[in-house]
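Accompanying notes for the structure given below.
The values are calculated or read from the model by the stated rules, or taken from the named source; none is laboratory data. Fair warning: this is a prediction, and the values are worked out from it, not measured in the lab. Here the Cβ positions follow ideal geometry from the backbone for every residue, glycine too, while neighbour counts run over all protein chains shown. Protein only, heavy atoms only, side chains kept; ligands, DNA and RNA dropped before computing areas. Shrake-Rupley method; radii C 1.70, N 1.55, O 1.52, S 1.80 Å.
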Amino acid sequence: MDKSNRLKNELFDEEKQRQQSLITRFEKIEVNLEKPFPDGEDYVLMMNANISTPHECANHIHQILKQRSALALVNGNEYWDMHRPLVQSCNLTLLHFKHDDCMPVNYAFWRSCSMLLASVIPKAFRDEYKVHIISKPVADLTGGSFICDVEVENLTDWKPTSQEIQSITSLLWDETVKAHRYERIQVSAEVASKLFADNFHRLSELEKLTEQDANRQFTIYRCGQYIELSDGPMIADTSQIGFIYLSAIHPLKKKDGSRFYRFQGIAMPKQLNINPFAFSLIRDRSKRLKSNIIPKDSNIKNKSSSSSINENSSGNHNNKLEKRINDIEKEKIMDELFYDPDEDDSNQQWMDRKKFLYESRIKSSSSSDTNVNKNVDDDEQRKRKLQSETKLKKPRTNDATLNCPCCLSLLCLDCQRHEIYKTQYRAMFVQNCRIDYGKKLFIKNKDEIRKRFQKRKKRQQQSEQQESENEHSFSTLTTNDQYYPVHCNICNTQVAVYDLDEVYHFFSVIASH
Ligand SMILES: [Zn+2]
């Protein structure tokens, strides 16, 4: 530990002891611990005001409760660190990562991991490279990683290697084993400015906040030997972190041209199990540059510079800027969702376009029918009858969309379902279909099928007679019972038959209604 850090820690300890010495008498408080176990009962504990913490309350009940509780909720409205002393009688709820109200715990976890990362980065560099932590611990779940922005003195044009990233990860793992508590104290502006005397970024922030309110108290956290200014809350200790990895280090530039590095990490709480494949996915994703958070101090600079843009430039420039921000926002949302929320709509538009083309095709074909000479035969009439029937029964809608069962190619957009055989559809206009005229199929009518069934019984006894009768039955078929097989044009699976009325009868297809 370097000298300035040692002094900081001594100051922190001194301040903590001073605050504890102010408590001169024990005051008993009643803590109503609300159902720490599901289907269990409330516990009423007598504790000491300004001394006892939620962690100690958990310790009184059960070891499991002590290990898993990451955050407490006081009187249902204030999230409370596990190691922060309770000040008065209250209702206390202990929260963990599988709790119904787990989001505040997630935020605390992310913030705590961000602080842990900041604590190990200075250790990873040799003494000649002085590290300045720019960002405070942030709990931002977007982008799938927690971050820490740092400036490193005397380090120009550093391209981090995977070995360097791994070695920082191993430093993080070392810290989780040590189970450092996240200690919290509140200090005056004077003490805070002493604690952060060597950090320009924190000092300027403290100065700004003190200007607004001179008597303001500042919340300070310590994890291991690392001290940071943060409003919190944090989780109980680093042993609650299961996996933690440094994913990537991105060299970036501020507006003024100075270089800083964005360290991005990913972690999982010990209480949650995740399969290795899923974790590898979120770990890969966490490597992507998280661009939506700008370091605090450069944020202030950005604000002033963006206002100067607004004053000087034309509306066109503003529009461009706005569009870019919108694009970034959109990308951010997609990143969070893991999918494209507009995809369904664009697919629907594609489908509507297809349908429109298809309907216009039907219209043109029916109008051309009227021009056909009056000498139309029976088949033509039947065809038109079917067409008009379809139109009357289902004016703009359609019974189903049919797809090939094998390759899922689209076969038909407009069809009519068979009234009895629900898996059969008839249609006139199809796609991706090929009629095999080289092969004829015959389908017998019902009487013949029945006859054949009865005859099959006799087949064993009178096999020779049967054969001759069969031949006879084929010869009685009319041309109306004649069909051609229809195949999927893509994969050649038979999907329908085609009759002499130019109607397709689909039977082995996937129908979506
Ligand atoms: Zn197919």
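Restricting attention to the range 201-242, report how many residues are of a type in the set (A, V, I, L, M, F, W, C), touching a residue at least 60 places away in the same chain (Cβ under 8 Å) and within 23 Å of GLU14 (Cα to Cα). Working first, answer last.
If we filter the range 201-242 for residues that are of a type in the set (A, V, I, L, M, F, W, C), which is where we start, we get 203, 206, 209, 214, 218, 220, 223, 227, 229, 234-236, 241.
When the remaining residues are screened for being touching a residue at least 60 places away in the same chain (Cβ under 8 Å), the result is 220, 223, 227, 229, 234-236, 241.
Still in the list and also within 23 Å of GLU14 (Cα to Cα): 220, 223, 227, 229, 234, 236.
Qualifying residue count, the range 201-242: 6.
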Suppose we keep only residues that are out of contact with any Cys (no Cβ under 7 Å at 6 or more places or on another chain) and of a type in the set (Val, Ile, Thr) within the range 78-122. Which one would you say is nearest to GLY40 (Cα to Cα)?
THR93
Could you tell me whether PHE109 is in contact with a helix residue (DSSP H, G or I) (Cβ under 9 Å, 6 or more places away or on another chain) and at pLDDT 85 or above?
yes
Taking ASP100 as meeting all but one of (1) open to solvent by less than 30 Å² (accessible area, probe 1.4 Å); (2) part of a loop (DSSP other than H, G, I, E, B); (3) not β-branched (Val, Ile, Thr), write down the number of the exception.
(1)
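Out of curiosity, is SER119 among the polar types (S, T, N, Q), touching a His at 6+ places or on another chain (Cβ under 9 Å), modelled with pLDDT under 90 and not in a strand (DSSP E or B)?
On the way: among the polar types (S, T, N, Q): yes; touching a His at 6+ places or on another chain (Cβ under 9 Å): yes; modelled with pLDDT under 90: no; not in a strand (DSSP E or B): yes.
Considered against the rule, which asks whether it is among the polar types (S, T, N, Q), touching a His at 6+ places or on another chain (Cβ under 9 Å), modelled with pLDDT under 90 and not in a strand (DSSP E or B), SER119 comes out as no.
Quick check: is even one residue across the range 204-219 within 29 Å of SER69 (Cα to Cα) and open to solvent by less than 80 Å² (accessible area, probe 1.4 Å)? Let's see the steps before the verdict.
In the first step, residues of the range 204-219 are kept if they are within 29 Å of SER69 (Cα to Cα); the result is 217-219.
So of that shortlist, the ones also open to solvent by less than 80 Å² (accessible area, probe 1.4 Å) come out as 218-219.
Looking through the range 204-219, at least one residue is within 29 Å of SER69 (Cα to Cα) and open to solvent by less than 80 Å² (accessible area, probe 1.4 Å).
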Among the residues of the range 11-23, is any closer than 12 Å to LEU94 by Cα and not in a helix (DSSP H, G or I)?
no
Mind listing whichever residues of the range 145-162 are touching a Lys or Arg at 6+ places or on another chain (Cβ under 9 Å), more than 13 Å from ILE244 (Cα to Cα) and not hydroxyl-bearing (Ser, Thr, Tyr)?
CYS148, ASP149, VAL150, GLU151, VAL152, GLU153, ASN154, LEU155, ASP157, TRP158
Criterion (away from the ligand (no atom under 16 Å from the Cβ), under 29 Å from ASP352 (Cβ atoms), at pLDDT 85 or above and not acidic (Asp, Glu)) met by exactly one of ARG426, ARG396, ARG434
ARG426
Out of everything in the range 406-420 that is within 11 Å of PHE506 (Cα to Cα) and either away from the ligand (no atom under 13 Å from the Cβ) or modelled with pLDDT under 85 (or both), what residue ends up being surrounded by the most Cβ atoms within 10 Å (Cβ to Cβ)?
CYS415
Kindly check whether there is at least one residue in the range 185-196 that is open to solvent by less than 10 Å² (accessible area, probe 1.4 Å), part of a helix (DSSP H, G or I), closer than 18 Å to PRO137 by Cα and of a type in the set (Gly, Ala, Ser).
yes
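Can you pull out the strands (runs of 3 or more DSSP E) entirely within the range 225-317 that have at least 3 residues that are open to solvent by 30 Å² or more (accessible area, probe 1.4 Å) and modelled with pLDDT of 85 or more?
Per the criteria, 241-253.
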